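K.L.:
The structure's right below; bear with me while I get my questions together.
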Amino acid sequence: MSNFDKIVDRHNTNALKYLRLPEMCGTDKLTALWIADMDFETPDFIVDAMRRRLDHKIFGYTGEPAEYRPTLCRWIEEHGDWQIRPEWITFIPGIVKGIGMAINVFVKPDEKVIIQPPVYHPFRLTPLANKREVVFNPLIMREDGRFDMDFENLEKVADDKCRLLILCNPHNPGGRIWPRETLKRLADFCAERGILVISDEIHCDMPLWGNRHIPFASVSEAAARNSITFQAPSKTFNIAGIVSSFAVVPNDEIRNKFFSWLTANELNEADIFAHIAACAAYTPQGEEWRREMLNYVEGNIEFAERFCEENIPGVKIHRPEASFLLWLDCRGLGLDQPELVNLFVKKAKLALNDGTMFGKEGTGFMRMNIAAPRSVIKQALLQLKAAVDQL
């Protein structure tokens, strides 16, 4: 049984959640609940697998272990009801990097990339940095906090220069598990117009309260033949610093074009621990730990929901269907965005993600990482309550 209540001091480990605070907030004297990794210890069976490899004191050129692809295939079928073939898989050195690579392979300099904000900010920044135009199709937020795709607007903005759509599945920051019907409709829309779909599914193994992730490429033949799926064990097992991402590409033509480019640049070659960590994670032990962790995260979310309802009614928590990220609706506080950020940083001494990082549609929102010991979450919310009470 894992101890998710354990406080682990991550200072002096070069953890980005602390290193970047002075630049982001002007001080590092804050409770950091922003970057999307967890404050839970990486499970022992992953650490032990890497330690066993360390015991062999030669770290030369190392290839892919035979069990790697079968392990991924088995895990994806068990958790996503998607049967994939070993040859569809390749290692990639990070999902954001994979997005950048796909843009360079499939989108010409005068062509465009579609994103659906509010959404993970590299979806916007990576195409722009690669000198591609970004087209915005904002999501529709329902009263219950769930997002829907705006297909009417998508039809208006998707011109004949749009060549790629980046899908966040499950959605970050909203925690939405997209319904099968929505994914099918998106697949048909993009296939008809020759728009390749990149499906970022890094949070796919973190569905909550009995929800189940639906891989985009699994919903139809149109989706399978017109997509690249990115997944990784990094979020689920807290191993983001061990780059273990991979791509799954069912379509022969797309796969050959993408994989040959990766091979030419040796970008499909993993470091010595990537495969070891992934194979250790995707096991029965990993499944048991995953369920324990998700149960604890659900408890944290329920605690935060009750706390805000009883103590900070101006902050609403729309329960996510997946992941450990909360999209806090702070519009009830009546503050503009600079005032809202000031409330969290200067008064509550909390470092969360400014909602506008994910697009202007995030105005009035903050993103909170709930994957920390409950005592930390409780103290953070007490600090927020005290700050709000002084308004």
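The values are calculated or read from the model by the stated rules, or taken from the named source; none is laboratory data. Quantities reported herein were computed from a predicted structural model and do not represent experimental measurements. Backbone-built Cβ (ideal geometry, glycine too); neighbour counts: all protein chains shown.
K.L.:
In region 336-349, how many are in contact (Cβ under 8 Å) with a residue 24 or more places away in the chain and under 16 Å from residue 312 (Cβ atoms)?
P.N.:
6
K.L.:
Scan region 181-194 and give yes if some residue there is crowded, with 24+ Cβ neighbours inside 10 Å and in contact (Cβ under 8 Å) with a residue 60 or more places away in the chain, otherwise no.
P.N.:
no
K.L.:
Considering only residues that are crowded, with 24+ Cβ neighbours inside 10 Å and in contact with a Lys or Arg (Cβ under 7 Å, 6 or more places away or on another chain), which ones fall in region 158-173?
P.N.:
Matches in region 158-173: 170, 173.
K.L.:
Kindly provide the set of residues from region 202-236 that are closer than 16 Å to residue 164 by Cα and outside any helix (DSSP H, G or I), ordered by number.
P.N.:
Within region 202-236, 225, 226, 227, 228, 229, 230 qualify.
Listed here are the residues, each with its yes/no results for (1) at pLDDT 95 or above; (2) closer than 20 Å to residue 95 by Cβ; (3) outside any helix (DSSP H, G or I).
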site	(1), (2), (3)
275	yes, yes, no
287	yes, no, no
292	yes, no, no
302	yes, no, no
309	yes, no, no
314	yes, no, yes
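K.L.:
Next question, about the same structure. Please go through (1) buried (at least 21 other Cβ atoms within 10 Å of the Cβ); (2) over 23 Å from residue 176 (Cα atoms) for residue 99 and return the number of the only condition it doesn't satisfy.
P.N.:
All conditions are met except number (2).
K.L.:
To continue, here is another question. Against the definition (in a loop (DSSP other than H, G, I, E, B) and among the small types (Gly, Ala, Ser)), how does residue 100 come out, yes or no?
P.N.:
Judged against the criteria, residue 100 is not a match.
K.L.:
Please state which one of 319, 306 is surrounded by fewer than 19 Cβ atoms within 10 Å (Cβ to Cβ), out of contact with any strand residue (DSSP E or B) (no Cβ under 9 Å at 6 or more places or on another chain) and not aliphatic (A, V, I, L, M).
P.N.:
That would be 306, the only listed residue that is surrounded by fewer than 19 Cβ atoms within 10 Å (Cβ to Cβ), out of contact with any strand residue (DSSP E or B) (no Cβ under 9 Å at 6 or more places or on another chain) and not aliphatic (A, V, I, L, M).
K.L.:
In region 102-140, which residues are among the hydrophobic types (A, V, I, L, M, F, W, C) and closer than 24 Å to residue 265 by Cα?
P.N.:
102, 103, 105, 106, 107, 113, 123, 125, 128, 129 - these are the residues of region 102-140 that are among the hydrophobic types (A, V, I, L, M, F, W, C) and closer than 24 Å to residue 265 by Cα.
K.L.:
Identify the single condition in (1) touching a helix residue (DSSP H, G or I) at 6+ places or on another chain (Cβ under 9 Å); (2) more than 17 Å from residue 240 (Cα to Cα); (3) at pLDDT 95 or above that residue 56 does not satisfy, given that it satisfies every other one.
P.N.:
(1)
K.L.:
Would you say residue 384 is crowded, with 23+ Cβ neighbours inside 10 Å and more than 20 Å from residue 146 (Cα to Cα)? Even if it seems obvious, please write down each step before you answer.
P.N.:
On the way: crowded, with 23+ Cβ neighbours inside 10 Å: yes; more than 20 Å from residue 146 (Cα to Cα): yes.
So residue 384 passes the test.
For every residue, the table says whether it meets (1) assigned by TED's automatic domain parsing to the domain that holds residue 260; (2) out of contact with any Phe, Trp or Tyr (no Cβ under 8 Å at 6 or more places or on another chain); (3) part of a helix (DSSP H, G or I).
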| residue | (1), (2), (3) |
| --- | --- |
| 77 | yes, yes, yes |
| 82 | yes, yes, no |
| 105 | yes, no, yes |
| 126 | yes, yes, yes |
| 153 | yes, yes, yes |
| 159 | yes, yes, no |
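K.L.:
Right, here's the next one. Is it fair to say residue 207 is touching a Ser or Thr at 6+ places or on another chain (Cβ under 9 Å), crowded, with 23+ Cβ neighbours inside 10 Å and of a type outside the set (Phe, Trp, Tyr)?
P.N.:
no
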